[in-house]
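Engineer: Take this structure first; my questions come after.
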Amino acid sequence: MVVSTPEFELNLPPGVVAETFTYRNGRTTTIYRAPFPSEGPVRGLWEGYEALLFMYAHFVFVWPKAAGQVEVRHGTLTKSLLLWPNVPIEGQWCAETLRLFGVRWTRDHLAKFRL
């Protein structure tokens with residue numbers, strides 16, 4: 001059973017939600033859910049080429065204009081390390097396409113590690 005605890009939510013940072021779980025033995029546990037950090041999408045230059053950049057959950061997606069693939073990196077928009085080059089992406093080269101791709105890719109990737 002999940003019971004929301006609004007009396008605590010007033011003191012939490014924006015986007016953070018408290019959830020209290022009650023077990024059969026009467027014991028309760030409160031957990032806090034926070035949104036993943038994100039930056040962008042922004043348009044800029046990447047290695048001399050025009051590109052769109054987006055960070056979600058510290059996965060950075062770099063999509064050069066007219067390319068059919070993105071680089072997936074780890075870090076922030078200002079500093080990151082390459083994880084996977086040449087990840088295929090489809091759709092019009094625009095910020096919304098990259099944002100939707102990045103969120104979906106990240107959630108699919110992180111789901112592989114759920115127990």
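Engineer: Find me the longest stretch of the chain that has none of the exposed GluC sites (Glu not before Pro), where exposed means in a DSSP loop (not H, G, I, E or B) with at most 13 other Cβ atoms within 10 Å.
Structural biologist: 1-46
Engineer: Under the Karplus relation 6.51 cos²θ - 1.76 cosθ + 1.60, θ = phi - 60°, what is the ordered set of whole-Hz ³J(HN,Hα) values for region 49-59, x standing for Gly and Pro?
Structural biologist: For region 49-59, the Karplus curve yields 10, 5, 8, 9, 10, 8, 10, 9, 6, 6, 9 Hz.
Engineer: Please list, ordered by chain and number, the residues whose modelled amide H lies under 5 Å from the amide H of Leu83; skip anything fewer than 5 residues away on the same chain.
Structural biologist: Val72, Arg73, His74
Engineer: Moving on. By how many nm would the segment from Arg24 to Gln92 lengthen if fully extended, with 0.36 nm per residue of separation less the alpha-carbon distance?
Structural biologist: Gain on stretching Arg24 to Gln92: 19.4 nm.
Engineer: Of the chain, which part is the longest with no trypsin sites (Lys or Arg not before Pro) in a loop (DSSP not H, G, I, E, B) and with at most 11 other C-beta atoms within 10 angstrom?
Structural biologist: With trypsin sites (Lys or Arg not before Pro) excluded where exposed in loops, the chain gives 28-64 as its longest stretch.
Engineer: Residue by residue through region 74-81, which ³J(HN,Hα) values in whole Hz follow from phi under the Karplus form 6.51 cos²θ - 1.76 cosθ + 1.60 (θ = phi - 60°), with glycine and proline marked x?
Structural biologist: With the stated coefficients, region 74-81 comes to 10, x, 10, 5, 8, 8, 8, 10 Hz.
Engineer: In degrees between 0 and 90, to the nearest 10, how far off the longest principal axis of the chain does helix 95-111 point, with axes built from Cα atoms?
Structural biologist: Tilt of helix 95-111: around 50 degrees.
Engineer: Still on this model: For percent of Cα pairs over 23 Å apart, which listed value, (i) 47; (ii) 43; (iii) 36, comes from the coordinates shown?
Structural biologist: Matching the structure shown: (ii).
Engineer: Considering only protein heavy atoms and a probe of 1.4 Å, how much of the accessible area of the chain is carbon and sulfur, as a whole percent?
Structural biologist: Carbon plus sulfur share of accessible area: 57 percent.
Engineer: Taking a virtual spin label 7 Å from the Cα of Asp108 along the C-beta vector, which residues in region 58-76 bring their backbone nitrogen under 13 Å of it?
Structural biologist: Answer for region 58-76: 70.
Engineer: I want to check the label-to-label distance for Val16 and Ala34. Put each point 7 Å from Cα in the C-beta direction and report it in nm to one decimal.
Structural biologist: 0.6
Engineer: In region 37-115, which chymotrypsin sites (Phe, Trp or Tyr not before Pro) fall in coil by DSSP and have 10 or fewer other Cβ atoms within 10 Å?
Structural biologist: In loop regions of region 37-115 (DSSP not H, G, I, E or B), the sparsely surrounded chymotrypsin sites (Phe, Trp or Tyr not before Pro) are Phe113.
The values are calculated or read from the model by the stated rules, or taken from the named source; none is laboratory data. Keep in mind that what you see is a predicted model, and the values were worked out from it rather than measured. In this analysis, Cβ positions are derived from the backbone assuming ideal geometry, glycine residues included, and neighbour counts consider all displayed protein chains. The area values use the complete protein model at the heavy-atom level, side chains included, leaving out ligands, DNA and RNA. Shrake-Rupley method; radii C 1.70, N 1.55, O 1.52, S 1.80 Å.
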